[in-house]
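In what follows, a single structure is set out as structure tokens and then discussed.
Every read-out reported here was derived from the displayed coordinates using simple, explicitly stated rules and does not represent laboratory data. These figures come from a predicted structure and were not determined experimentally. Cβ coordinates were reconstructed from backbone atoms using ideal geometry, including for glycine residues, and neighbour counts include every protein chain displayed.
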Ligand SMILES: CC(C)(COP(=O)(O)OP(=O)(O)OC[C@H]1O[C@@H](n2cnc3c(N)ncnc32)[C@H](O)[C@@H]1OP(=O)(O)O)[C@@H](O)C(=O)NCCC(=O)NCCS
């Protein structure tokens, strides 16, 4: 079956977690790097699909999810919701940290780190990941186009992302799609039709 993009469903959650960890080391497999493979998705995927499932899209190959884009349509609202609804469980789950886990846990405990200075002009933010076999076929572009069109329909003017500078492949992808570097170092783009 040709992979297709569709809205996220709760039954996709385990696949989303799997994709997140298998692409979580600057685009490479992060399996086994931390004390649990749930740590990265508990920071970069779980809160999005649980708190804001309506802003998540997946690539479905007919048997499983092989890629996703997750987003917060309004970053300040998402930060508040994260602090109230996600942080307590996260803090309890990761009360004991190994040295390797510590930097990721610190991010998970600090949702206000998402409040980049440009957030009023670029209120939405996203995370995107595709398994290796799904990469390089236009699906990343299609996911971003889907999200941009939906956010535009919902009245959100622009979105941003922050990324690991070591991920040079992802940076080339965002450059190709027309993202521009913002003063904070985040990347931003207007929503709306892809050619807008
Ligand atoms: C980064 C990622 C989302 C890109 O998605 P993708 O499906 O592989 O990219 P696409 O095939 O849609 O490429 C879209 C465009 O970007 C270009 N592009 C993609 N990767 C590129 C690269 N490494 N160098 C140069 N151009 C690149 C493509 O040539 C294509 O150009 P075109 O549409 O004008 O022909 C995907 O490769 C991925 O998930 N990688 C691993 C996880 C990751 O790094 N996530 C991002 C974290 S910030």
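Remarks
- Gyration tensor verdict on the range 1-85 (Cα atoms; rounded if a/c is under 1.5, prolate if a/b is larger than b/c, oblate otherwise): oblate
- Summed over qualifying helices (DSSP H, 4 residues or more, each -39500 (n - 2.57)) and divided by its residue number, the chain shows a 222 nm mean residue ellipticity of -9500 deg cm²/dmol.
- The chain: most fluctuating residue of 31, 55, 63 per GNM, C-alpha cutoff 10 Å: 63
- Working ranking of peptides 140-148, 104-112 by packing, defined as the average number of other Cβ atoms within 10 Å per residue, highest first, is 140-148, 104-112.
- Computed across the range 4-190, the Kirkwood hydrodynamic radius from all distinct Cα-Cα pairs reaches 16.6 Å.
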